[in-house]
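Following: one structure in structure tokens, then a few remarks.
The values are calculated or read from the model by the stated rules, or taken from the named source; none is laboratory data. Not measured: the values here are computed from a predicted model. Heads up, the Cβs are rebuilt from the backbone with ideal geometry, glycines too, and the neighbour counts pull from every protein chain shown.
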Amino acid sequence: MNHSPRFLRTFPLHFPLIFSPRRCVAAVAVACVLVAQASAAQPISVAETLLFQTNHLHNVRAPQTLTYAMRKEGSLEPGFVDEVQVTLAANPAANPAANPTAGPQAGKPKVTMHFLTGARERPVPDADNPEGNPVLLGFLERDIAEMARLTGGAGNYFRKRIRLALAEAAQVQPRRFTYAGKAFDGREIAITPYLNDPLRQRFEQYVNKRYTFVVSEKVPGGLYQIHTAVAGPAGAPPLIDETLTLVSAESGKR
């Protein structure tokens, strides 16, 4: 199934990316109903479709592990280099031979993500048969938490700005990139969600923050790179520069 448009009109968008419908808790179900009632038939943008309405994992077969390199640089704070791993494993509970009641989940993989390591790791629940790449969720949720920490603002406010930018002001263009020594064609989605923010005076230092997503159905997991940057003063290095890049896809690794 594709991610329901009703979820795309709220941010966080992690429910369709991470949870199968049967795992939504009651509070989420209520929220879904309210959003569905509030959402008009507003068309989904190209950017939203590429990021949240696409089966990114269609070309990844269990068992397989996707590894992403995460790099933080900039003059504002000390940087780091870390990694993110997404592992698709056979799901015993979904094996019809072992579980006759498996139903529509039969044969579907179980996905586990470790977003960063050690003290930086962000907990993310396992998922049964997601279609969206959970790395996208992990990056955005961490980014939103960081914006809240740095500015003292509310995480929900930054979610809303990102959601609105993807829905209404994203720039989408072709992008050629190199992965595993080969050239690939993909699409680049770019947004600057805070540039025209009516409350920008409250976090002026970060209003030029730019988000760039590179997607391609040709690479494992559909998502090649996410990059965010906050420019520094003229002639100075960026305040913040963070990049998450796919580096490998290893079959048989658990």
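A compact table of results
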{"read-out": "The range 199-212, subset part of a loop (DSSP other than H, G, I, E, B) and not hydrophobic (A, V, I, L, M, F, W, C), residue surrounded by the fewest Cβ atoms within 10 Å (Cβ to Cβ)", "value": "Asn208"}
{"read-out": "Listing of helices (runs of 4 or more DSSP H) fully contained in the range 1-85 that carry 1 or more residues being modelled with pLDDT of 50 or more", "value": "46-52"}
{"read-out": "Residue list for the range 178-198, filter: in a strand (DSSP E or B), of a type outside the set (Phe, Trp, Tyr), touching a strand residue (DSSP E or B) at 6+ places or on another chain (Cβ under 9 Å) and free of Cβ contacts under 8 Å to residues at least 60 places away in the same chain", "value": "Thr178, Ala183, Asp185, Gly186, Glu188, Ala190"}
{"read-out": "Leading residue by the ranking (nearest to Thr151 (Cα to Cα)) among those in the range 59-91 that are in contact with a Pro (Cβ under 9 Å, 6 or more places away or on another chain) and among the basic types (Lys, Arg)", "value": "Lys72"}
{"read-out": "Sole exception among (1) surrounded by fewer than 16 Cβ atoms within 10 Å (Cβ to Cβ); (2) outside any loop (DSSP other than H, G, I, E, B); (3) touching a residue at least 12 places away in the same chain (Cβ under 8 Å) for Ala236, by number", "value": "(2)"}
{"read-out": "Residue ID - farthest from the chain's Cα centre (by Cα), chosen from residues in the range 179-198 that are surrounded by 13 or more Cβ atoms within 10 Å (Cβ to Cβ) and among the aliphatic types (A, V, I, L, M)", "value": "Leu195"}
{"read-out": "Selected residue [under 24 Å from Phe52 (Cβ atoms) and out of contact with any Gly (no Cβ under 9 Å at 6 or more places or on another chain)] from Ala183, Ala169", "value": "Ala169"}
{"read-out": "Residues satisfying the stated conditions in the range 199-233, i.e. touching a residue at least 60 places away in the same chain (Cβ under 8 Å) and of a type in the set (S, T, N, Q)", "value": "Thr228"}
